[in-house]
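Student: Have a look at this one before I ask anything.
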Amino acid sequence: MRQKLIMTSILMLNQSLLLSDEPMIGLDTKSARIRKKAVGGDVQPGAKQAGQHFTPPPQPRRTTRSSWPLPSARG
Amino acid sequence: MQHKLLHIEQLTKSFGSFTAVDKVSIQLKGGEIYGFLGPNGAGKTTTIKMLAAFCSRRRGTIVICGKRLNDSPLFCKKQTDYIPDRLFLYEKLTGAEYLGFIASLYANDSATLREAEQYLELFDLAGWQNNAILTACGKSSS
């Protein structure tokens, strides 16, 4: 709710440049979608935003030839 | 000549012997969305703080809407919204009072607050706007 209130206070100002550090932290899924839509939809000529997300998407776990199958399963 | 909205040239920030941001150069036009990706300690937050004029003793050039941040800091700050990674709110204010306070800082008129009502509805906060933030959100852990 804090993030939503701050987001409201920022979006209402409609400044030229929006700098957002961790833009999706603290937002539920619905609010994150609204935020993305609001920023994307509100982009006017001359408006832009810079943001950062440092949480990478989950990567598939790599299994090397030497570690698979596990020693206990090799028999 | 039409200026870029944001122009960064050779932006560098060091903490002692450690260089957190090393010669970053970016040019952005209006309507573009730009994201910084990288592991912890890569300098993403430091770069954003420099753009928001929260970092002193930096090297390089930052130009916002055609004016250098060093020469026209007030102008550049008026063009910029900054959302930090750690949020701060005046918790004893109500949501509506907080929005009014922020609007007054930017010398905006009632049209801004009407715009705020639209976003309050979108974020399902309309029913909470007259409650104290502390009551509505609970005590902040950060």
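The values are calculated or read from the model by the stated rules, or taken from the named source; none is laboratory data. This one's a predicted model, so the numbers in the text were calculated from it and none came from an experiment. Counting neighbours? That spans all protein chains shown, and the Cβs are built from the backbone with ideal geometry, glycine included.
Student: Go through (1) over 24 Å from A:Gly26 (Cβ atoms); (2) at pLDDT 90 or above; (3) within 14 Å of another protein chain (Cβ to nearest Cβ) for B:Thr19 and report which single condition fails.
Tutor: Exception for B:Thr19: condition (3).
Conditions tested, residue by residue: (1) under 20 Å from A:Leu17 (Cα atoms); (2) of a type in the set (A, V, I, L, M); (3) outside the structural domain of B:Ile48 (by TED's automatic domain parsing).
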position	(1), (2), (3)
B:Ile64	yes, yes, no
B:Leu74	yes, yes, no
B:Pro84	yes, no, yes
B:Ile102	yes, yes, yes
B:Tyr106	yes, no, yes
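Student: Give segment B:31-79 a look and list any residue that's more than 7 Å from chain A (Cβ to nearest Cβ), in contact (Cβ under 8 Å) with a residue 60 or more places away in the chain and either in contact with a helix residue (DSSP H, G or I) (Cβ under 7 Å, 6 or more places away or on another chain) or part of a loop (DSSP other than H, G, I, E, B) (or both), or say none.
Tutor: B:Gly66
Student: Which of the residues that make up segment B:107-128 are at negative phi, part of a loop (DSSP other than H, G, I, E, B) and modelled with pLDDT under 80?
Tutor: Result: B:Asn108, B:Asp109.
Student: Among the residues of segment B:80-129, what is the count of those that are facing chain A (nearest Cβ under 7 Å) and charged (D, E, K, R)?
Tutor: Summing the residues that are facing chain A (nearest Cβ under 7 Å) and charged (D, E, K, R) in segment B:80-129 gives 3.
Student: Output the number of residues of segment A:1-42 satisfying the condition of being among the β-branched types (Val, Ile, Thr), farther than 23 Å from B:Lys44 by Cα and outside any helix (DSSP H, G or I).
Tutor: 0
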